[in-house]
Structures are given as C-alpha cells and as structure tokens.
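The values are calculated or read from the model by the stated rules, or taken from the named source; none is laboratory data. Predicted model only: the values in this text are computed from it and were never measured. Positions of Cβ are backbone-derived with ideal geometry, glycine not excepted, and every protein chain shown enters the neighbour counts.
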Amino acid sequence: MRKSIKERYAKMVGSSAHMLLSLGRGIILLGIVFVIVSPILSIISDAIMDQQDVYNPLVFLIPANFTTENFQIAWSNMNYVRTFVNTIALAFAAMILQVFVCSLTGYGFARFRFPGRGILFALVIVTIVIPVQSYMVSMFAQFQRFGIFDLRLNLLNTVAPVLLLSGFGMGLRSGLYIYIFRQFFRGLPKEIEEAALIDGAGWLRTYLRVMMPNAMSAIITVSVFSFVWQYNDTFYAGMFMQQIALLPVRLVTLPNFLISQIHVGEAALVSLVVSAGILLAVIPVVLMYFGIQRMFMEGVERSGIVG
C-alpha cells in the first residue's frame, strides 16, 4: 500500500515537473517568436494603414482604414520595375561570379598542397572576422582612381566595383563561401579524383566534371546566401552605386525624397510609405525562398555549416 502511494506521488511529481518544463519552454519560444515577428507585423500594419489612422490612439497593428495608397506612392517614387530588374541582375551576376571563384578557391585549399597554404587560408578567415568598414576608405579611393600607371578610371556609380570584387574573391561574404566550399570538398572521398586522374582528366576537368556535380548542396547554399545578401546589400550599394537604381539605395533615400519632393513633413506619414517600399523589396525574396526551401535546407545540412 505504501509503495503504491509513493509510486503515485512520484508519478504526480514527475508529471507536474514535465508540465512546468513544457510551460516554461512554450513561454520562451513564444517570446522568441514575438521578438522576431513583431517588427514584421508592424511593417505590414504601417504599409496598409491610412494616414488618418496614424493619429488615432485606438488603432494598434490592425488599421481601421485599409489602403493601398502607400504601395502606389512607393511603387512610383522608387521606379520599382526598373529598380527591381537592376537589383536582380546585379545580384544574379555577383552570385554566378562568387559561386565559381569561391568554389574553385575552396577546391584548391581542400585538395592541393603548396607552400603558404595555411597562411593564405588564415587570410581568408581574416576577411570574415574583420569588418569591411575598417578598410572602406581604401576601397573607395581605389575604385575612384582604378588602374595602373597613367591609366586611371573612375568606376564609382557603376556596377564594376561589385563585379570586380566578386570575381576576385573579395566580394560580399566571399570568405565565408570559400570556407563552406573548402569544408565540403574536404569531406568528399579522394577516390573519385583518383578515378578521374586514371581516366586522364586534369585538375580543371576534374573540378568541372567531377567535383562540381557532387557539390550541388554547397552550390545551392552559397547561391542562396550570395543572392539574398547581395540583393539586400546597402553598404556596397551606398558606397559605390549611389546613382544607380537599386532597391537598397532607393529604400535608403526614399524618406528624404518624400520630404523634399512630395513635401511630406510628418515622420509618421513617411514611415507608412517606407514600410510599403520595404514590403515591395522583401516579397520577391520570400517567394523565392518558399520555392527553393527544401533544396536550401538540404544544402545547409550537407555543406558543413550546421550549428
């Protein structure tokens, strides 16, 4: 009898502890979700909110008057179609260059033995650790007078700086992409390269015909990262391409444009149009992610960057 009472008591204590643990876990997860989702809900609310709701103290998140006027103003003042096409084209070109250059560099670090390999790879890691803002002045001066000897070209307000940096392995997050490819290629068995060597393939043919087809998961991961980060980049776009119609540049300059050209003096009203512009820029990337979500998640799991 006493044993059954003790067993019931222990079972009740165990179930109570499990319930408390589940409740605490749920509260923590709910808090994390709120922190992540709250800014997004605020932007969506502002984008569809009418101007008269800004001064209504009873309106919170859910507008009393829904409107699409904010989207219309943002669409026209951002010249959205042209700006979106320019941004997509630049992000895609930079992505192609980074995937090719970073995969080739990562393959070299993973498979070839040469003097100074460790030092060079340490420099690659340094590019990940050191913020690009620390050498932005030298980069700006370099592309302002780019060239050798007496041939000097001003490459500012062109796409050339981004494409040159991407093509020479110094583009946005290129150090991270090299590291991803290096770790992935190190995990592939050397027997496949030895078989290609026996068949008479050189290192370049082995890289193109053997290694790259087996690295599709790493390629997908790097492609998505490169495209999205370049698409959302405000640093390089603001430093090198201020006069080119790109979404990050137009979003940064949109508040000043509304105040100076349309004479919108209230910051709260400007924020409504800016929120609509942010949604116009974010929606295509979100749709793209939903389309390739499965391949992207599989690529992340297999590319060696889990955790």
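Could you pull out the residue among Ala74, Ala93 that is touching a residue at least 40 places away in the same chain (Cβ under 8 Å), aliphatic (A, V, I, L, M) and touching a Gly at 6+ places or on another chain (Cβ under 9 Å)?
Being touching a residue at least 40 places away in the same chain (Cβ under 8 Å), aliphatic (A, V, I, L, M) and touching a Gly at 6+ places or on another chain (Cβ under 9 Å) holds for just one of Ala74, Ala93, which is Ala74.
Being under 25 Å from Ser217 (Cα atoms) and of a type in the set (Ser, Thr, Tyr): is that true of Ser103 here?
yes
Please identify the pairs in which a residue from the stretch 181-209 that is under 17 Å from Phe109 (Cα atoms) has its Cβ atom under 7 Å from the Cβ atom of a residue that is acidic (Asp, Glu) and assigned to a helix (DSSP H, G or I), counting only partners at least 6 apart or on another chain.
Short answer, once both residue conditions are applied: Thr206/Glu193.
Looking at this structure, is Pro57 outside the structural domain of Ile259 (by TED's automatic domain parsing) and exposed (fewer than 10 other Cβ atoms within 10 Å of the Cβ)?
Working: outside the structural domain of Ile259 (by TED's automatic domain parsing): yes; exposed (fewer than 10 other Cβ atoms within 10 Å of the Cβ): yes.
So Pro57 fits the description; yes.
Taking the stretch 127-168, which residues are hydroxyl-bearing (Ser, Thr, Tyr) and closer than 23 Å to Ile88 by Cβ? Show your work before the answer.
In the first step, residues of the stretch 127-168 are kept if they are hydroxyl-bearing (Ser, Thr, Tyr); the result is 127, 134-135, 138, 158, 166.
The answer is Thr158, Ser166.
Here are some residues: Phe109, Phe92, Phe100. Which one is in a helix (DSSP H, G or I), surrounded by 18 or more Cβ atoms within 10 Å (Cβ to Cβ) and in the same structural domain as Leu280 (by TED's automatic domain parsing)? Before the answer, list the steps.
Working: Phe92 fails: surrounded by 18 or more Cβ atoms within 10 Å (Cβ to Cβ); Phe100 fails: surrounded by 18 or more Cβ atoms within 10 Å (Cβ to Cβ).
Among Phe109, Phe92, Phe100, only Phe109 is in a helix (DSSP H, G or I), surrounded by 18 or more Cβ atoms within 10 Å (Cβ to Cβ) and in the same structural domain as Leu280 (by TED's automatic domain parsing).
Within the stretch 66-89, work out how many residues are at pLDDT 90 or above, crowded, with 21+ Cβ neighbours inside 10 Å and over 22 Å from Leu164 (Cα atoms).
0
Could you tell me whether any residue of the stretch 77-87 is part of a helix (DSSP H, G or I) and free of Cβ contacts under 8 Å to residues at least 12 places away in the same chain? Let's see the steps before the verdict.
From the stretch 77-87, those part of a helix (DSSP H, G or I) are 77, 80-87; that's our starting set.
Right, trim to free of Cβ contacts under 8 Å to residues at least 12 places away in the same chain and you get 81, 85.
Within the stretch 77-87, one or more residues are part of a helix (DSSP H, G or I) and free of Cβ contacts under 8 Å to residues at least 12 places away in the same chain.
Provide a single number: the residues in the stretch 183-209 that are in a helix (DSSP H, G or I) and either outside the structural domain of Phe109 (by TED's automatic domain parsing) or of a type in the set (Asp, Glu) (or both).
Going residue by residue through the stretch 183-209, those that are in a helix (DSSP H, G or I) are 183-187, 191-198, 203-209.
Then keep just the ones that are either outside the structural domain of Phe109 (by TED's automatic domain parsing) or of a type in the set (Asp, Glu) (or both); that gives 191, 193-194.
Count: 3.
For the stretch 213-234, give me each residue that is β-branched (Val, Ile, Thr) and either modelled with pLDDT under 85 or closer than 19 Å to Tyr177 by Cα (or both). It would help to see each step written out before you state the result.
Narrowing the stretch 213-234 to residues β-branched (Val, Ile, Thr): 219-222, 224, 228, 234.
Listed by number, the residues that qualify are Ile219, Ile220, Thr221, Val222, Val224, Val228.
Restricting to the stretch 137-187, give me the number of residues that are at pLDDT below 85, of a type in the set (A, V, I, L, M, F, W, C) and touching a Phe, Trp or Tyr at 6+ places or on another chain (Cβ under 8 Å).
Number satisfying all stated conditions: 1.
Based on this model, can you work out whether Val222 counts as crowded, with 16+ Cβ neighbours inside 10 Å and farther than 23 Å from Val101 by Cβ? So that I can check it myself, show each step before the final result.
Working: crowded, with 16+ Cβ neighbours inside 10 Å: yes; farther than 23 Å from Val101 by Cβ: no.
Considered against the rule, which asks whether it is crowded, with 16+ Cβ neighbours inside 10 Å and farther than 23 Å from Val101 by Cβ, Val222 comes out as no.
Restricting to the stretch 161-174, count the residues that are in a helix (DSSP H, G or I) and either under 13 Å from the mean Cα position of the chain (by Cα) or surrounded by fewer than 20 Cβ atoms within 10 Å (Cβ to Cβ) (or both).
Our first condition is that a residue be in a helix (DSSP H, G or I); within the stretch 161-174, this holds for 161-167, 174.
Adding the requirement that they be either under 13 Å from the mean Cα position of the chain (by Cα) or surrounded by fewer than 20 Cβ atoms within 10 Å (Cβ to Cβ) (or both) leaves 163-164, 167, 174.
The total comes to 4.
Yes or no: the stretch 139-149 includes at least one residue that is among the polar types (S, T, N, Q) and closer than 20 Å to Phe227 by Cα. Please lay out each step first, then the result.
Step one: list which residues in the stretch 139-149 are among the polar types (S, T, N, Q), which gives 142, 144.
Those left that are additionally closer than 20 Å to Phe227 by Cα: none.
For the stretch 139-149, residues among the polar types (S, T, N, Q) and closer than 20 Å to Phe227 by Cα: absent.
From Ala276, Ala237, Ala281, Ala268, which residue is at pLDDT below 75 and part of a helix (DSSP H, G or I)? Show your work before the answer.
Details: Ala276 fails: at pLDDT below 75; Ala237 fails: at pLDDT below 75; Ala281 fails: at pLDDT below 75.
After ruling out the rest, the residue left standing is Ala268.
From (1) part of a helix (DSSP H, G or I); (2) among the hydroxyl-bearing types (Ser, Thr, Tyr); (3) surrounded by fewer than 19 Cβ atoms within 10 Å (Cβ to Cβ), pick out the condition that doesn't hold for Thr158.
The failed condition is (1).
Between a first residue in the stretch 112-129 that is assigned by TED's automatic domain parsing to the domain that holds Thr206 and a second residue that is hydroxyl-bearing (Ser, Thr, Tyr), which pairs have beta carbons less than 8 Å apart while being 6 or more apart in sequence or on different chains?
Correct list of pairs: Val124/Thr105; Val124/Tyr179; Ile125/Tyr179; Thr127/Ser174; Ile128/Tyr179.
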